[in-house]
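A short worksheet on the structure shown next.
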Amino acid sequence: MPVRIEHQTCYFKIDDTGQETSRAASAVTVVTDSEKAMSAVDLDGQRVYITEAEADALTVAGARDGRKHLKATDGDSVI
């Protein structure tokens, strides 16, 4: 899990070594990466992909919710 939240401060794991960076929740915006159909946050020019549960937890902590709802255009899609 690349995200942990403590007292409205969000800690993001930014690489495989476990290095973290932190931000106040109010300074974080959760976005949708349309090509990957995933939620993410952009930190210092680096995109960190997160689960929907993590995205929801961030917004509850005070992050801005900039996600878009995506629809499939393929006729075989269950969406």
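The values are calculated or read from the model by the stated rules, or taken from the named source; none is laboratory data. Bear in mind the structure is a predicted one, so any value in this text is a computation, not a measurement. Neighbour counts run over all protein chains shown; Cβ positions are idealised from the backbone, glycine included.
Among Thr9, Thr21, Thr59, Thr29, which is the only one that is within 9 Å of the chain's Cα centre (by Cα) and either polar (S, T, N, Q) or surrounded by 13 or more Cβ atoms within 10 Å (Cβ to Cβ) (or both)?
Thr29
Of a type in the set (S, T, N, Q) and modelled with pLDDT under 85: which single residue out of Thr51, Thr9, Thr73, Thr59 fits that description?
After ruling out the rest, the residue left standing is Thr73.
Give me a count of the residues in the range 1-50 that are part of a loop (DSSP other than H, G, I, E, B) and among the acidic types (Asp, Glu).
So the count comes out to 4.
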